[in-house]
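Just so it is clear, none of the values below were taken in a lab; they were calculated from the coordinates. Predicted model only: the values in this text are computed from it and were never measured. Using ideal geometry, Cβ is built from the backbone for each residue, glycine included, and neighbour counts are taken over all protein chains shown.
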Amino acid sequence: MHGFSVAIFAQMAHLRTEQAPLRGRDHTTQPEEILMTHRVLAWRHLLTAGAAALLLTASASALAQRAGEIEVTQAQALPSIPGARNGGGFLTIVNHGKTEDKIVSASSPACGHVELHTMRMEDNVMRMREVGAIPLPAGKTLRMQPGSGYHLMLMDLKQPLNVGDTVPVAVKFAGGATLELQLKVEPRGKIAADAPMPGQGMHGAMH
Ligand SMILES: [Cu+2]
């Protein structure tokens with residue numbers, strides 16, 4: 001499972017061990033199905049139906065990284081600063097198409113809502129502002145990086161983000177696609193290194 005969910009599972013490991021063994025069940029049931037049944041039961045013990053549905057949707061969806069001409073090659077988030085209510089998400093997105101696309105919105109069950117932000121230095125102060133959309137020019141790669149430019153702002157986090165966690169985020173594009181991404185929480189240096197500036201290679205994808 002992914003880190004974001006694992007953190008929740010860890011809190012209720014005792015719930016799972018208290019459950020009756022699956023005697024009497026169909027013996028052809030695969031271990032993976034049994035595991036899933038346990039998880040679903042454990043979720044229902046701890047979560048409201050609504051929250052459980054959100055998490056199920058997030059983890060059951062395929063890890064689609066490409067929709068049409070839009071390909072996400074990196075999906076990462078910064079660890080949250082202790083006490084901070086908001087977190088930052090960073091994507092590397094290739095628009096293989098011949099027309100511009102845009103990120104128009106994003107959402108996540110891990111936080112209250114997701115804003116599209118841009119950041120820049122003004123008078124030695126880092127300033128962020130919300131934008132209506134993040135443009136993805138035709139044939140170009142957008143590399144979101146901590147410290148400047150665009151990012152996804154995860155507003156009102158429901159729990160802190162720690163390295164190793166995974167944050168489900170659905171990203172909607174003007175072209176009509178929605179990608180269900182799993183952002184990996186990684187150290188700042190790793191995120192910056194994984195989004196190299198143009199000319200430093202794109203894992204062979206652009207050759
Ligand atoms: Cu921001």
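Local charge sum around LYS158 (other residues, Cβ-Cβ under 15 Å, Lys/Arg +1, Asp/Glu -1)? Walk me through the intermediate numbers first.
On the way: positive: ARG85; negative: ASP156, ASP165.
Around LYS158, the surrounding residues sum to -1.
Taking the Cβ of each residue in ARG127, ARG143, ARG66 as the centre, tally the other Cβ atoms inside 10 Å and list the residues starting with the fewest. Could you put the intermediate results ahead of the total?
On the way: ARG127 10, ARG143 22, ARG66 13.
Least crowded to most crowded, the residues run ARG127, ARG66, ARG143.
Please arrange MET119, MET128 by how many other C-beta atoms lie within 10 Å of their C-beta, fewest to most.
Values: MET119 19, MET128 14.
Least to most surrounded, the residues fall as MET128, MET119.
Taking the number of other C-beta atoms within 10 Å as the exposure measure, put HIS113, HIS151, HIS96 in order starting with the fewest. Please list the in-between numbers first.
Working: HIS113 12, HIS151 24, HIS96 15.
Taking fewest neighbouring Cβ atoms as first place, the list is HIS113, HIS96, HIS151.
Of the peptides 98-107, 175-184, 85-94, how do they stack up when ordered by the mean number of other Cβ atoms within 10 Å, highest first? Don't skip to the end; give the middle numbers.
Details: 98-107: 17.0, 175-184: 19.3, 85-94: 22.0.
Final packing ranking: 85-94, 175-184, 98-107.
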